[in-house]
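S.K.: Structure incoming, see below.
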Amino acid sequence: MEEKTEYRRSITSLDWSPTNTELFLASYSRLKEWSLDEADGLINIYSLAMQTRPELTLNCQYEVTKAMFNPHDANTIIGSTSNGQILVWDVRAKKEPVKGYDNRDRSQPIQNSCLATHGHTHPVYGLAMVGSSTTHNIVSISNDGRLCQWKPKMLSDPRDHFFLEVPQTI
């Protein structure tokens, strides 16, 4: 797949759709230079059938450090950010086109975690969905070693949290 647009961003994660084998997503770091016209957070969803441009672009205010398709809901994307937020996008919620980007659709998160007492305050680089199709949770881990477990429909406060500690050597 050849990408002709230069994003001036590094890829922070890749994920293949568990339900549609033609789709994959890439999350990107923030721009190397500051820009008012572009959001720091960017996820492009690509289709192997449409190789000339992303099928959909998702944005958020902060740099996306990890993104993944929700294995239990084909319409949602889960992501984490450099400021410690957990975000959920619904790919059906399309907004007006972003000027200057070939009229690609833009979508903002439909749900995000807030700075809860027990939530993350450092960048989140680990993200997973655990459980079955009927009962599942989002698990995240940040740079400071805090591991949080979230209910997918309620990101206001983690369901459970604890710190992972490195054992001291003798």
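S.K.: What's the local net charge at Val139, with K and R +1, D and E -1, over the other residues with C-beta under 12 Å away?
M.R.: +3
S.K.: Quickly rank 59-67, 42-50, 131-139 as a protection proxy: mean count of other C-beta atoms within 10 Å, highest first.
M.R.: 59-67, 42-50, 131-139
S.K.: With Kirkwood's inverse mean 1/r over C-alpha pairs for Rh, give me the Rg to Rh ratio of region 11-163, two decimals please.
M.R.: Checking Rg against Rh, the ratio lands at 0.96.
Each reported figure results from applying straightforward, stated rules to the coordinates on display, with no laboratory input. In this text the structure is predicted, and so the values were computed from the model without any measurement. Neighbour counts run over all protein chains shown; Cβ positions are idealised from the backbone, glycine included.
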